[in-house]
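Here the structure is laid out as structure tokens; the discussion comes afterwards.
Derivation of every value follows stated rules applied to the coordinates shown; laboratory data play no part. All figures in this text were calculated on a predicted structure; none of them were measured in a lab. Neighbour counts are summed over all protein chains in view; Cβ atoms, including those assigned to glycine, are modelled from backbone coordinates with ideal geometry.
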4 protein chains.
Amino acid sequence: MARERLARKREENEVEFSRIVAFSDGVFSIAITLLVLGITIDPGIPKDELAQKLWDQHEALLAYAISFAVIARFWLVHHSFFSEVDAFDTRLIALNMLYLGFVVLIPFSSQVLGEYGGQLPSVVVYSANLTAVVLVGQGMAWDARHAGLAKSSAQTERESVVRAAFISGVFLLSIVVALFNASLAPYIWIALFFEGRAHVIERLSRPRSP
Amino acid sequence: MARERLARKREENEVEFSRIVAFSDGVFSIAITLLVLGITIDPGIPKDELAQKLWDQHEALLAYAISFAVIARFWLVHHSFFSEVDAFDTRLIALNMLYLGFVVLIPFSSQVLGEYGGQLPSVVVYSANLTAVVLVGQGMAWDARHAGLAKSSAQTERESVVRAAFISGVFLLSIVVALFNASLAPYIWIALFFEGRAHVIERLSRPRSP
Amino acid sequence: MARERLARKREENEVEFSRIVAFSDGVFSIAITLLVLGITIDPGIPKDELAQKLWDQHEALLAYAISFAVIARFWLVHHSFFSEVDAFDTRLIALNMLYLGFVVLIPFSSQVLGEYGGQLPSVVVYSANLTAVVLVGQGMAWDARHAGLAKSSAQTERESVVRAAFISGVFLLSIVVALFNASLAPYIWIALFFEGRAHVIERLSRPRSP
Amino acid sequence: MARERLARKREENEVEFSRIVAFSDGVFSIAITLLVLGITIDPGIPKDELAQKLWDQHEALLAYAISFAVIARFWLVHHSFFSEVDAFDTRLIALNMLYLGFVVLIPFSSQVLGEYGGQLPSVVVYSANLTAVVLVGQGMAWDARHAGLAKSSAQTERESVVRAAFISGVFLLSIVVALFNASLAPYIWIALFFEGRAHVIERLSRPRSP
């Protein structure tokens with residue numbers, strides 16, 4: 001049941017709607033590109049230490065790779081959610097901004113992770129940031145669907161809830177693991193790549209039929 | 001009464017008009033994303049101090065959150081103003097550039113605020129920057145309406161004047177408060193979130209009827 | 001007389017053409033926003049020195065303002081040139097890239113100017129950078145017109161040559177002035193704002209009629 | 001022979017398709033603009049050393065120029081590849097992201113090169129980065145063509161394979177040269193500019209006819 005909100009139809013406000021989507025895309029593309037600023041090399045390194053110092057950046061490079069994949073994945077989910085939206089209101093715009101606010105923080109969290117990879121606080125900061133993106137994103141999608149702004153099927157809805165729960169669960173687990181051994185946490189995140197395997201999610205989100 | 005200016009109709013120059021809007025959107029999205037550069041962590045922090053050092057960034061994080069919300073809000077106002085514009089001339093473009101010039105300064109002011117939150121000079125810098133955005137934005141809107149470039153209703157006009165006065169007033173008040181206790185100033189800014197409550201503004205800007 | 005080149009008509013390649021224009025706009029908007037990185041404040045400044053240190057940034061702020069105005073102006077000229085282009089080829093794309101390559105350098109030159117405003121080398125770096133933008137831009141426009149890619153009137157052509165000569169002249173003059181007193185150079189640049197006064201340029205570029 | 005994939009036609013998903021292209025363009029334009037951050041000047045340089053310190057940036061400037069040209073060239077190739085694409089699927093999007101992931105690293109590699117130009121490790125880092133872009137780009141194009149997503153002619157295909165082999169070869173050669181004299185490596189890269197000479201490539205990629 002749609003709540004009482006001042007929603008505007010997408011087809012009648014195509015210009016404004018695409019400005020919102022284009023703004024989000026812009027923020028995504030800048031955030032993903034700023035990740036590179038987390039990898040740096042000091043000036044004035046002596047000649048025989050340069051190779052070593054460059055090698056020392058491999059943790060920063062790993063954090064870059066993970067974060068690039070993560071932001072790219074978020075962008076695709078955002079992308080696919082907004083292709084279902086056919087009306088928007090002030091609240092959707094505000095939630096989208098809150099969502100982007102957490103996405104833009106990723107370059108910072110990623111830099112922390114790259115610099116202090118094997119330590120609990122950086123795993124917590126990184127996991128908290130990514131979980132916030134997932135939960136706000138899921139909240140935005142849930143809200144839009146229940147306000148009748150997005151035309152997702154029940155199947156899509158269940159899938160996206162399962163996905164958000166799965167991703168948050170992985171990050172929560174990684175924090176628990178980090179309490180014992182922070183260096184292992186990033187390996188837990190590898191599980192995220194299997195989220196894409198639609199089969200598992202489908203099976204989990206399929207309603208039990210007789 | 002429209003002044004004598006070489007205005008070009010929006011519908012006949014849609015490509016050029018959207019280039020101006022897209023340029024503004026680009027600047028907004030970059031400025032909002034650069035805010036994250038105000039939150040940093042030094043390399044080489046000893047293991048037992050990392051959590052503390054990350055916690056020390058909470059002021060920078062707060063400045064980030066405030067500035068993100070503020071730029072997002074400015075973007076929405078800019079967005080909504082330009083949806084009313086149906087012709088443009090050199091002066092509107094120049095005023096828009098001046099406006100963007102102050103928007104782009106926000107990441108700097110925000111960094112100052114995040115670093116020196118509880119001190120008078122940073123409250124002054126931040127408030128001055130944001131007031132400049134509001135006043136130039138209001139000036140641009142006023143000018144465009146009086147030159148017949150924007151088709152706002154008298155109601156919209158009054159509302160936007162009241163809003164600009166309200167926002168500038170809040171920042172002026174926060175500077176006065178900061179003279180006594182700079183740490184309190186950001187709490188004054190919370191009032192800005194109530195600006196969205198259309199009811200108050202409507203009531204204030206409604207012409208007195210018998 | 002058009003040279004032999006593989007030109008593609010704009011109307012038949014609208015998507016590709018707008019990608020080039022959008023790419024240029026993107027580069028302009030990022031370059032103009034990166035200017036803010038030239039204004040910074042160190043961490044850990046004692047409370048009683050903060051106001052002074054912020055005040056010390058006024059030269060950086062001035063450099064920011066000049067460079068913002070300059071890039072905005074270049075963007076408008078670029079904008080207006082590309083609205084005349086109705087076909088493009090590899091050389092136009094390459095020249096446009098060379099042009100953008102000098103535009104992107106401006107944040108660096110501007111930082112040098114903001115940091116070392118009153119000194120000859122920074123005036124030279126800044127003037128050289130801006131002159132390069134103007135000359136490459138003029139070269140690109142000249143080349144496109146002579147290859148029949150842009151449909152400018154003879155009047156527009158003369159105007160743009162005069163403008164390029166005027167701007168380059170101002171920068172050359174400012175270097176000469178800086179040889180004697182580098183602090184005076186930026187004041188010479190104020191002349192640039194009068195370039196907009198179409199009357200002077202028109203008068204200079206009008207062919208002498210009997 | 002097209003593999004079994006869930007491909008979506010471009011004409012039926014024009015909005016989503018352009019979002020992917022626009023996102024890529026955004027990333028390209030930000031990466032190319034971030035190159036300027038590789039050229040910096042320290043604050044507090046004494047008056048009589050400024051010119052020298054600015055001159056010391058000529059290696060960084062050279063690295064900037066090379067990288068700007070290289071990213072611009074990659075953008076053009078990407079541009080021209082996507083103009084051939086008329087359907088897309090998840091794998092094309094993923095490969096495009098991987099491709100962009102290596103493009104975004106260029107500002108880092110370029111900074112390393114600018115700072116430590118004449119040394120083996122920086123030549124290796126730079127060459128490895130650029131070779132990765134070329135190979136992933138070629139892999140993406142090959143994959144898309146074989147899945148029937150891009151409608152390239154056999155001629156275009158051969159040309160692009162030859163081009164990728166040529167570019168990778170040049171970078172491999174420059175690493176070999178750098179083993180003996182790292183300062184010479186950048187001169188090997190000059191060969192890349194002759195890749196544009198279609199004649200050579202055409203001749204090499206032309207099938208032998210009787």
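Side notes on the structure shown:
- Quarter of Cα convex hull surface for region A:1-129, i.e. mean projection, nm²: 10.3 nm²
- Rounded tilt (10° steps) of B:90-115 against the dominant C-alpha axis of chain B: 10 degrees
- Other protein chain C-beta atoms within 10 Å of residue C-beta, averaged over D:99-110: 4.
- Distant-in-sequence amide H partners of B:ALA150 (H built 1.01 Å from N, under 5 Å): B:ASP86, B:ARG145
- Calculated [222 nm] ellipticity per residue, helices only, for the protein assembly as shown: -23500 deg cm²/dmol; basis is -39500 (n - 2.57) per DSSP H run with n ≥ 4, divided by all residues, nearest 500.
- Candidates B:PRO121, B:PRO46, B:PRO107: whichever shows maximal mean-square fluctuation once chain B is modelled as a Gaussian network with Cα springs under 10 Å: B:PRO46
- Judged by the gyration tensor of its Cα atoms, with axes a ≥ b ≥ c, the protein assembly as shown is rounded; a/c sits under the 1.5 cut.
- Within region A:136-169, trypsin sites (Lys or Arg not before Pro) in DSSP loop having at most 16 other beta-carbon neighbours inside 10 Å: A:LYS151
- Remark: relative contact order (chain B) = 24 percent; criterion is Cα-Cα distance under 8 angstrom and separation of 6 or more residues.
- Net charge over other residues, Cβ less than 14 angstrom from the Cβ of D:ALA65 (K, R count +1; D, E count -1): 0
- Helix B:58-82 vs. chain B, principal-axis angle (Cα, 0 to 90°, nearest 10): 10 degrees
- Most fluctuating residue given options B:LEU113, B:LEU34, B:LEU54, as computed from a GNM of chain B linking Cα atoms under 10 Å: B:LEU54
- Cross-link reach list, lysines versus A:LYS53, counting only Cα pairs under 25 Å and skipping chain neighbours closer than eight places: B:LYS47, B:LYS53, D:LYS53
- Taking a straight Cα-Cα cut-off under 28 Å and skipping sequence neighbours fewer than 8 places away in the same chain, the lysines within cross-link reach of D:LYS151 are C:LYS9, D:LYS9.
- Cβ-defined net charge surrounding D:ILE45, 10 Å radius [Lys, Arg +1; Asp, Glu -1]: -2
- Average beta carbon contacts from partner chains per residue of B:34-47, 10 Å cutoff: 5
- Taking the centroid of alpha carbons for each part, region D:8-45 and region C:110-138 are 26 Å apart.
- Cα long-axis angle, helix C:120-146 against chain C (0 to 90 degrees, to the nearest 10): 10 degrees
- Estimated from the Cβ-Cβ distance and a Förster radius of 30 angstrom, the FRET efficiency linking D:VAL176 and A:LEU184 is about 0.15.
- Average other protein chain Cβ within 10 Å of Cβ, residues C:13-26: 5
- A simple spin-label model places pseudo-atoms 7 Å from Cα toward Cβ; at B:PHE193 and C:GLN155 they are separated by 5.7 nm.
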